[in-house]
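Worksheet: the structure to be examined is printed underneath.
Quick note: the coordinates plus some simple rules give every number you see, no bench work behind them. On a predicted model such as this, the values are computed, not experimentally measured, just so you know. Neighbour counts run over all protein chains shown; Cβ positions are idealised from the backbone, glycine included.
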Amino acid sequence: MERLRYVMVAILLLTINNRIIAQNDKYFEGITKLNNTNPVIWPLENTKFFCPIQKQEILWEQKDVFNPAAIVKDNKIYLLYRAEDTVGVHAGTSRLGLAWSYDGINFERKEEPVFYPDNDEFKRFEWEGGCEDPRIVKSNNGVYIMCYTAFDGNVARLCIATSKDLMSWQKHGPAFGKAESGEFGDLWSKAGAIVTKEIDGELVATKINGKYWMYWGESDIYLATSENLIDWEPVTNTQIVEKRLRHISKGKYDVSIPKSQTVLTTALTPRLHNFDSKLVEPGPPAIITDEGILLIYNGANNAKTGDPKYPENAYSGGYALFDKNDPTCLIKRCKEPFFYAEKSSEQKGQMSNVTFLEGLVKFKDKWFLYYGMADSNIGVASFDEL
């Protein structure tokens with residue numbers, strides 16, 4: 001009976017955490033897609049790369065370019081963007097290209113990818129699906145931390161790489177590879193949005209209660225913590241339940257709930273009758289604001305159980321706000337998407353009706369939000385205040 005009481009309290013706490021009143025307010029007012037210049041990056045037919053695995057020259061960004069990470073460096077905006085060729089059984093292998101801009105709109109590109117599957121110890125994670133969907137933050141010591149998805153054709157794994165110049169990268173393997181003696185090594189995992197603060201235009205990874213935090217996942221959004229930004233530990237339900245039960249009891253009793261390392265804590269879940277009814281997935285790195293931790297996320301619609309205003313599988317942009325002292329505690333969540341597919345270039349492509357938000361920077365007193373357009377091109381929107 002005592003064990004049942006703890007379980008019921010745990011379920012209640014987790015239910016309350018996700019049943020926050022949805023609302024729209026000041027966030028992203030005045031956001032404008034720069035449609036006169038979109039797309040800002042598009043596929044190219046003539047850029048060649050000698051693939052070290054295939055041992056042949058390929059047109060590495062011929063098919064599609066999309067889902068970029070963004071970072072400010074040396075008074076320029078840099079994008080690491082996903083590019084696909086037309087070779088292979090997975091609709092093309094993904095590699096990461098590098099582009100830079102002095103105004104956030106007009107970009108130059110490096111002719112060859114800066115990050116790709118190679119004949120290294122990580123080939124088994126990355127070949128032949130490739131390296132996908134990066135997010136980048138800066139560490140306090142000036143090193144750039146990249147979360148990306150390695151796809152071997154069967155399992156997607158959230159991986160970590162580091163760089164000092166955005167050109168040369170050191171791969172560290174799966175983010176959860178060392179967690180719980182490797183229990184999470186083969187966990188399907190994507191989309192790592194590390195919690196940051198905006199400092200002079202740069203998004204810098206910031207500890208909360210002595211740890212770095214990250215939102216991640218593709219279906220529900222989960223949490224993870226780290227001491228070093230490389231090795232991450234997924235947060236489990238029982239860990240959070242124990243902490244909150246101790247808090248509400250004011251230490252009057254000790255809680256002992258058997259720990260299950262395979263039950264992950266959900267920070268955000270899909271909602272019936274909404275634009276995010278099918279799945280939710282983190283967008284750019286999360287940012288600590290005065291009101292809380294702001295997480296931009298991508299939501300997919302299920303036409304039967306979701307919002308009939310949006311097509312089946314349409315990806316739109318929403319946001320959630322979490323307690324800045326407790327990244328597990330949801331404060332508010334948007335009622336409607338603030339970003340969705342409107343133009344034909346967003347509605348037609350490799351994936352129809354997709355605006356996938358992934359890169360966010362503050363540059364010359366303006367915010368730039370970069371996104372994948374129908375998984376085929378890259379667009380940008382801007383706004384003044386976060």
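Here are the numbers for this structure:
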item: Net length gained if the chain between Ala91 and Thr305 were fully extended (0.36 nm per residue, minus Cα distance); result: 74.1 nm
item: Along principal axes, Cα extents of the chain, largest first, whole Å; result: 68, 46, 43
item: Charge-dipole axis of the chain as Lys and Arg at +1 and Asp and Glu at -1 on Cβ define it, positive-most pick from Pro308, Gly372, Tyr148; result: Pro308
item: Cα long-axis angle, helix 2-18 against the chain (0 to 90 degrees, to the nearest 10); result: 40
item: Dipole of the range 67-212, positive end: most advanced residue of Gly92, Ile160, Leu203 [Cβ charges, Cα centre]; result: Leu203
item: Inter-label distance, nm, simple model (7 Å from Cα along the C-beta direction), Glu291/Asp118; result: 4.4
item: Helix axis angle, 237-248 relative to the chain longest principal axis, alpha carbon, degrees; result: 50
item: Helical mean residue ellipticity (222 nm; -39500 (n - 2.57) per DSSP H run of 4+; nearest 500) of the chain; result: -2500 deg cm²/dmol
item: Cα gyration tensor shape for the range 48-99, rounded if a/c is under 1.5, else prolate or oblate; result: prolate
item: Rounded to the nearest 20 debye, dipole of the chain from Cβ charges on Lys, Arg, Asp, Glu; result: 1120
item: Whole-Hz ³J(HN,Hα) from phi, Karplus 6.51 cos²θ - 1.76 cosθ + 1.60, for the range 309-314, glycine and proline x; result: 5, 10, x, 4, 6, 5
item: Amide H partners (placed H, <5 Å) of Phe184, local residues excluded; result: Ala179
item: Across Lys123/Lys278; Lys76/Lys343; Lys309/Lys348; Lys48/Lys171, pairs whose alpha-carbon gap is larger than 25 Å; result: Lys123/Lys278; Lys76/Lys343
item: Listed residues Cys147, Cys159, Cys334, most fluctuating in the chain (Gaussian network, C-alpha, under 10 Å); result: Cys334
item: Rg/Rh (Cα only; Kirkwood hydrodynamic radius) as it applies to the range 136-183; result: 1.03
